[in-house]
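K.L.:
Just dropping this structure here.
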Amino acid sequence: QVQLVESGGGRVQAGGSLRLSCAASGRTGYGMGWVRQAPGKERDFIAAIGWSSDMTYYAEYVKGRFTISRDNAKNTVYLQMNSLKPEDTAVYYCAATRTSIYSTTQYDYWGQGTQVTVSS
């Protein structure tokens, strides 16, 4: 199995940037995704990346603003978030899958989340 710990969240004004990190330990070879959830709302699947970074996915509403990347030597996945908007406010979770990266139903392991708050 794999253990995941997110970091890098915080408060930023609209138009600003944050970089989230997800440190993994345990088994390797997982695809990784980022999912966010605001209070009272359903999960939003926003980005994913394959083990060798050969495959990526972005939700349409973050394309051009967010970039997912990974450094397997450091067992870390990143989410660079630029041009942040108030509607990006949520708890951001990273997750790991041994199968498809394209659906949250395929992710078996989840971190505890990190809060991102974007102020107007």
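The values are calculated or read from the model by the stated rules, or taken from the named source; none is laboratory data. Owing to the predicted nature of the structure, the values given are computational and were not obtained by experimental measurement. Cβ placement follows ideal geometry from the backbone for every residue including glycine, while neighbour counts extend to all protein chains displayed. Note: accessible area is taken over every heavy atom of the protein model, side chains too, but ligands, DNA and RNA are not part of it. Shrake-Rupley method; radii C 1.70, N 1.55, O 1.52, S 1.80 Å.
K.L.:
If you scan the stretch 81-120, which residues turn out to be open to solvent by 50 Å² or more (accessible area, probe 1.4 Å), within 12 Å of the chain's Cα centre (by Cα) and over 20 Å from ARG11 (Cα atoms)?
P.N.:
Correct list: TRP110 only.
K.L.:
Something else now. Starting from the stretch 1-13, keep only residues that are farther than 16 Å from LYS85 by Cβ, then list their pairs with residues that are loosely packed, with under 12 Cβ neighbours inside 10 Å and not hydrophobic (A, V, I, L, M, F, W, C) whose Cβ atoms are within a distance under 9 Å, requiring at least 6 positions of separation or different chains.
P.N.:
Within 9 Å, the pairs are VAL2/SER25; VAL2/THR28; GLN3/SER25; LEU4/SER25; LEU4/GLN112; VAL5/SER25; VAL5/GLN112; GLU6/GLN112.
K.L.:
Now for a different question. Which members of the stretch 82-115 meet the condition of being part of a strand (DSSP E or B) and either polar (S, T, N, Q) or out of contact with any Ser or Thr (no Cβ under 6 Å at 6 or more places or on another chain) (or both)?
P.N.:
ALA90, VAL91, TYR93, CYS94, ALA95, ALA96, THR97, TYR109, TRP110, THR114, GLN115
K.L.:
Here's another thing I want to ask about it. Residues ARG11, ARG36: which one is more than 11 Å from the chain's Cα centre (by Cα) and assigned to a strand (DSSP E or B)?
P.N.:
Criteria check complete, one pass: ARG11.
K.L.:
Consider ALA48 against the criteria (1) touching a residue at least 24 places away in the same chain (Cβ under 8 Å); (2) closer than 20 Å to TYR107 by Cβ; (3) not acidic (Asp, Glu); (4) not in a strand (DSSP E or B): it satisfies all of them except one. Which criterion is unmet?
P.N.:
(4)
K.L.:
Taking the stretch 51-69, which residues are aromatic (Phe, Trp, Tyr) and over 13 Å from ILE101 (Cα atoms)?
P.N.:
TYR61, PHE66
K.L.:
In the stretch 15-27, is there at least one residue being free of Cβ contacts under 8 Å to residues at least 12 places away in the same chain and in a strand (DSSP E or B)?
P.N.:
No, there is no match, as no residue in the stretch 15-27 is free of Cβ contacts under 8 Å to residues at least 12 places away in the same chain and in a strand (DSSP E or B).
K.L.:
Here are some conditions: (1) more than 13 Å from ASP88 (Cα to Cα); (2) modelled with pLDDT of 95 or more; (3) open to solvent by less than 60 Å² (accessible area, probe 1.4 Å). VAL12 meets all but one. Which one does it not meet?
P.N.:
Evaluating VAL12 over (1) more than 13 Å from ASP88 (Cα to Cα); (2) modelled with pLDDT of 95 or more; (3) open to solvent by less than 60 Å² (accessible area, probe 1.4 Å) leaves (1) as the failure.
K.L.:
Let me ask something else. Quick one: would you say ALA73 is open to solvent by 60 Å² or more (accessible area, probe 1.4 Å), over 15 Å from VAL2 (Cβ atoms) and aliphatic (A, V, I, L, M)?
P.N.:
It is true that ALA73 is open to solvent by 60 Å² or more (accessible area, probe 1.4 Å), over 15 Å from VAL2 (Cβ atoms) and aliphatic (A, V, I, L, M).
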